[in-house]
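In what follows, a structure is listed as structure tokens, so that the remarks can point back to it.
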Amino acid sequence: MYVERIDWAKQRIGVAVERQPGISRVVDLLSPALAPHHRFLRAAWFGAADDSRAATLIAWRADETPVAALPTVGFGPALVGARTVPGSYWPFRALPIAADATAEELADFLTHPVTLGALGQVWRLGPTYADDPATQLFSRAAAMAGWTVLSRPLGQSFLFDPATGWPRASTRRRLNNYARQLAQQGAITIECARGSGWSAALLDDLGAIEQASWVGRATDGTGAKFLSETRRADWRRVLSDPVLANMLMATVLRVDGRPIAFSFDLLTPPVQYSIASSYDEAFAAYRPGKLITAHLVSQAAALGIERIDFGAGDSGYKREMGAEAGSRIVDLLLVRNRAASSLLQLRWGPECAIAGEAYRTASLLRHAARARKGRSRIDMLMAMGAIAAAAISFGE
């Protein structure tokens with residue numbers, strides 16, 4: 001296995017940096033040190049370990065414990081050489097960063113020659129949550145290290161407190177009425193599967209529900225989580241990690257054994273993330289989606305859940321339940337050349353405020369500026385050319 005690592009005796013800075021091919025299992029060593037709502041950020045979450053495009057940068061402290069990891073894969077035209085942080089579900093492109101990591105440690109990580117060589121001129125972290133403490137810390141550290149952090153908005157999550165008393169008495173009566181009507185179609189069961197309860201057959205059931213839903217009938221299916229065999233194979237890989245298998249839960253509503261609705265959630269107490277939900281359109285009149293949601297809310301306390309993150313979109317029914325606007329969802333692009341980043345701002349978005357302030361005030365910036373004066377004109381033109389190409393290709 002190829003490993004590029006700086007020797008302790010040759011260190012100039014506070015962390016040692018290692019580049020490993022693929023999605024490194026060292027990521028799992030970091031998991032216990034992460035904030036509770038980030039402990040799902042394990043190697044299996046980020047992708048296949050043997051992906052030929054993947055590489056993982058790891059920052060080590062002097063006591064040889066990891067402080068942060070940065071898994072990336074290539075994206076965009078190969079000529080540009082851009083990298084992006086992968087993940088199994090798009091709002092969660094967060095990085096595994098120890099809860100006690102400092103901005104100085106992370107800035108050391110991002111100025112290290114191994115890091116600069118692996119990331120090139122442009123790389124992407126997102127979509128992610130703008131107010132996530134680890135993302136804010138990393139953005140500040142990136143700016144201290146001389147990166148310009150650009151941000152574009154993608155939406156807003158909605159948060160729900162299951163202790164608020166939903167469903168209200170009137171809503172509960174309506175749901176009970178729907179359940180009675182549905183029971184006339186056959187025996188109703190609600191199954192919650194986690195850990196060893198996961199199976200290929202269960203994933204197939206989720207795919208069958210999506211196929212019968214509006215997503216399967218009226219769209220090209222790109223927004224579905226289980227519709228294709230490829231997507232189900234991706235989730236089987238994620239679920240092969242027993243820790244993640246226990247965090248991920250499928251709640252399935254069946255009528256005479258036929259799966260008609262599901263909710264797919266990630267449990268990281270005290271937070272529950274709603275990844276996907278769907279229902280068979282043939283049963284829409286019975287509100288199967290709301291029946292499942294009511295069941296999940298009733299189970300929240302027993303699962304240690306104090307907050308349900310419903311993600312973005314469909315704000316109407318979420319607000320009706322009492323959900324409130326939560327985190328802004330943003331897509332971050334980190335650009336090495338300060339002047340050339342203006343080209344990307346036209347396509348991507350403005351500089352992240354928290355990173356911009358750090359960039360202006362950090363002493364590391366002044367050191368980086370002096371170092372840049374020594375670059376050859378050819379090097380600067382090559383960097384400008386790479387970012388100009390990125391500006392054209394990243395305008396998604």
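Under the definition of Cα pairs under 8 Å and six or more residues apart, what whole-number percent is the relative contact order of region 8-121?
Over region 8-121, the number comes to 30 percent.
When only the heavy atoms of the protein chains count and the probe is 1.4 Å, how do 230, 293 rank by accessible area, highest first?
Highest to lowest solvent-accessible surface, that is 230, 293.
For region 273-340, what ratio Rg/Rh do Cα atoms give with a Kirkwood hydrodynamic radius?
A ratio of 1.16.
Compute the convex hull volume of the Cα atoms of region 226-293, divide it by the residue count, and report the result per residue in Å³ as a whole number.
100
Using a 1.4 angstrom probe with every protein chain in place, what is the largest-first accessible-area order of 290, 318?
Largest accessible area first, the list is 290, 318.
Expressed as a whole percent, how much of the Cα-Cα distance distribution for region 118-182 exceeds 13 Å?
Of all Cα-Cα distances in region 118-182, 76 percent exceed 13 Å.
Over region 108-257, what lengths in whole Å, largest first, do the semi-axes of the equivalent ellipsoid take, defined as the square roots of 5 times the eigenvalues of the alpha-carbon gyration tensor?
41, 22, 16
Give me D for region 177-280 in µm² s⁻¹, whole number, from Stokes-Einstein with Rh from the Kirkwood sum over alpha-carbon pairs, 25 °C and 0.890 mPa s.
So the translational diffusion coefficient is about 173 µm²/s.
If you average the sequence gap of Cα pairs under 8 Å that are 6 or more apart and divide by the length of region 120-244, what percent do you get for the contact order?
Once normalised by length, the contact order is 14 percent.
What whole number of Å gives the distance from the Cα centroid of region 143-162 to the Cα centroid of region 69-85?
What the calculation gives is 19 Å, centre to centre.
Percent of Cα-Cα pairs more than 29 Å apart in region 47-197, please.
Everything past 29 Å amounts to 40 percent.
Enter the accessible area of residue 279 (Å², nearest 10), with the probe set to 1.4 Å and all protein chains included.
Here the residue's solvent-accessible area equals roughly 90 Å².
Between residue 67 and residues 5 or more places away or on another chain, which pairs have amide H atoms under 5 Å apart, with H built 1.01 Å from N, and which residues are they?
Amide H to amide H, under 5 Å and 5 or more residues apart or across chains, residue 67 pairs with 59, 60, 61.
With each pseudo-label sitting 7 Å past Cα toward Cβ, what's the residue 78-residue 230 distance in nm, one decimal?
1.8
If I take every Cα pair under 8 Å that is 6 or more residues apart in region 38-189, average their sequence separation and divide by the length, what percent do I get for the relative contact order?
Across region 38-189, relative contact order equals 18 percent.
Accessible area, 1.4 Å probe, largest first: how do 190, 23 sort?
Order by accessible area, largest first: 190, 23.
Please compute the volume of the convex hull spanned by the alpha-carbon atoms of region 26-126 and report it per residue in Å³.
With only Cα atoms used, region 26-126 gives 104 Å³ per residue.
Please report, as a whole percent, how much of the solvent-accessible surface of region 95-236 comes from carbon and sulfur atoms (probe radius 1.4 Å).
51
The values are calculated or read from the model by the stated rules, or taken from the named source; none is laboratory data. Everything quoted here is computed from the prediction, not taken from an experiment. Virtual Cβ from ideal backbone geometry, glycine too; neighbours counted across all protein chains shown. When the accessible area is computed, the model is the full protein with side chains, heavy atoms only, and any ligands, DNA or RNA have been set aside. Shrake-Rupley method; radii C 1.70, N 1.55, O 1.52, S 1.80 Å.
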